[in-house]
1. Considering every residue within the stretch 79-98, establish whether at least one is without any contact (Cβ under 8 Å) to a residue 40 or more places away in the chain and on the phi > 0 side of the Ramachandran plot.
2. Report whether or not residue 45 is more than 24 Å from residue 178 (Cβ to Cβ), without any contact (Cβ under 8 Å) to a residue 24 or more places away in the chain and within 16 Å of the chain's Cα centre (by Cα).
3. Does residue 178 satisfy the condition of being surrounded by fewer than 21 Cβ atoms within 10 Å (Cβ to Cβ), modelled with pLDDT of 95 or more and of a type outside the set (A, V, I, L, M, F, W, C)?
4. Out of curiosity, is residue 29 modelled with pLDDT under 95, of a type in the set (Asp, Glu) and more than 19 Å from residue 167 (Cα to Cα)?
5. With respect to the numbered conditions (1) surrounded by 15 or more Cβ atoms within 10 Å (Cβ to Cβ); (2) touching a Ser or Thr at 6+ places or on another chain (Cβ under 7 Å), which one is the sole condition not fulfilled by residue 92?
6. On the basis of being at pLDDT 90 or above, among the acidic types (Asp, Glu) and surrounded by fewer than 15 Cβ atoms within 10 Å (Cβ to Cβ), does residue 173 make the cut?
7. Out of 93, 40, report the one residue that is within 24 Å of residue 157 (Cα to Cα), out of contact with any Leu (no Cβ under 6 Å at 6 or more places or on another chain) and among the charged types (D, E, K, R).
8. Could you grab the pairs with beta carbons closer than 6 Å, sequence gap of 6+ or different chains, first residue in the stretch 105-117 and at positive phi, second one in a helix (DSSP H, G or I) and at pLDDT 90 or above?
Amino acid sequence: MTLPGTATQYRIREAAESELDAVGRLTYEGFGHHLPGAPEPAPDRLELLLDAASRAREGVLLVAEDAADGGLVGTASLLPFGSSLARQALDGEMELRLLAVLPQARRSGIGWRLLAESANLAQATGASGLVLDTGADNERSQQLYRRFGFVRRPERERPRPAPKVQLVVYTLDLTGYQAA
């Protein structure tokens, strides 16, 4: 891996079918569940994290590939309204789910590049907006989304029963979006 560095050392592309298991593991690790002392996710969450094949089948499964060694270091799923995996998208929107970057590759611009490619692809489909949700306590991700231009939409947030993580919803208006 060519870290530390910048996102120019990475290529954002659609995942290949032969990479789906690796993308599932990357998603799991990117959310930190492999770290010592980290809680194991609930069975349904674990299944979602590891099941990259369903995300690829229902939408676009992006990966960030290290240009030097071909290793995968990040991923994001872009899902259309109506997908069984989309939980926030309204008609005319695309939904971004499970943006994950391996811990050793964070703070290198990969998350930004995955956001940019997702927004570009969503806009190319004619979507009017891109929606995502994240944990209410995940301030680092929320800062990234706000810097990118996403706006929090509390009117779209719904309480979830404990012990589920409370979610906040963000949208990006694509009608005036300039490709990144």
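The values are calculated or read from the model by the stated rules, or taken from the named source; none is laboratory data. As the structure is a computational prediction, the values presented were derived from the model and not from experiment. Cβ placement follows ideal geometry from the backbone for every residue including glycine, while neighbour counts extend to all protein chains displayed.
1. Within the stretch 79-98, one or more residues are without any contact (Cβ under 8 Å) to a residue 40 or more places away in the chain and on the phi > 0 side of the Ramachandran plot.
2. The answer is yes for residue 45.
3. No.
4. So residue 29 passes the test.
5. Unmet condition: (1).
6. Yes.
7. The unique qualifying residue is 93.
8. If the second residue must be in a helix (DSSP H, G or I) and at pLDDT 90 or above, no pairs are left.
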